[in-house]
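The values are calculated or read from the model by the stated rules, or taken from the named source; none is laboratory data. Predicted model only: the values in this text are computed from it and were never measured. As a convention, Cβ positions derive from the backbone with ideal geometry for all residues, glycine included, and neighbour counts pool all protein chains shown. Side chains are part of the model used for accessible areas, which takes the heavy atoms of the whole protein and leaves out ligands, DNA and RNA. Shrake-Rupley method; radii C 1.70, N 1.55, O 1.52, S 1.80 Å.
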Amino acid sequence: VFLPKEWGDNIDFNIVQFNNSGLGAFDGELWDIEVKENIIVGGVNQSAGEGVIYTGVTSSDLVDPANWRFYRVSQVIPDQATWVMGVCQGDAGDLYAVGRESREEWGFVLRSTDGGASFTNITPLNEEGASAIPDASRCVVKGGVLMVAGANGLFASLPVAAR
């Protein structure tokens, strides 16, 4: 994650490197970021085929990796090759992550109401209990409605009014 050192004519970045050494190290990519009162970043641990989410509070020192929370999508969608493709925030401070199962090509939608400490799977399901949506790649919350876009022309919306 690249965070600005200063604004003006000479922009430079502080670089925060996550999970690049030690027992938690992995090869991966972070694909989306959204910053409001919280910051949420999503991507994938390529080594494990596992979606990852990092969250922080913008009022904290985000240059210090200790001020970030790390969440593995396998905690809510176990035994699947998930990739987080998009992240967004709701008006009530809720955090959302959308993505795909890379082998079976179905989408998922996750929601956190506790700043990223945990997520709940809110993916719409079909009659068999499987995901009813194709790969999900982007999300946005506007006017109390979560909107998700993705593969095969996916556009889905869900009211997520303030709690």
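Can you name the condition, by its number, that ILE39 falls short on among (1) at pLDDT 90 or above; (2) open to solvent by 30 Å² or more (accessible area, probe 1.4 Å)?
Every condition holds for ILE39 apart from (2).
Would you say ASN67 is open to solvent by 20 Å² or more (accessible area, probe 1.4 Å), modelled with pLDDT of 85 or more, within 30 Å of LEU158 (Cα to Cα) and not hydrophobic (A, V, I, L, M, F, W, C)?
Criteria not met by ASN67.
Of all residues in segment 121-147, count the ones that are without any contact (Cβ under 8 Å) to a residue 60 or more places away in the chain, surrounded by 13 or more Cβ atoms within 10 Å (Cβ to Cβ) and closer than 27 Å to TRP68 by Cβ.
11
With the checklist (1) closer than 24 Å to ASN45 by Cβ; (2) within 16 Å of the chain's Cα centre (by Cα) in hand, flag the one item GLY93 doesn't pass.
Here GLY93 clears every test but (1).
Given SER60, SER47, SER21, which one is more than 22 Å from ASP114 (Cα to Cα), at pLDDT 75 or above and hydroxyl-bearing (Ser, Thr, Tyr)?
Of the residues listed, the single one that is more than 22 Å from ASP114 (Cα to Cα), at pLDDT 75 or above and hydroxyl-bearing (Ser, Thr, Tyr) is SER47.
Residues that are under 18 Å from GLU37 (Cβ atoms) and either part of a strand (DSSP E or B) or modelled with pLDDT under 95 (or both): does segment 132-140 have at least one?
Yes: one or more hits.
For (1) surrounded by fewer than 20 Cβ atoms within 10 Å (Cβ to Cβ); (2) modelled with pLDDT under 95; (3) assigned to a strand (DSSP E or B), each residue gets a yes or a no:
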site: ASP79; (1), (2), (3): yes, yes, no
site: ASP91; (1), (2), (3): yes, yes, no
site: ARG100; (1), (2), (3): no, no, yes
site: LEU110; (1), (2), (3): no, no, yes
site: GLY115; (1), (2), (3): yes, yes, no
site: SER118; (1), (2), (3): yes, no, no
site: ASN152; (1), (2), (3): yes, yes, no
site: LEU158; (1), (2), (3): yes, yes, yes
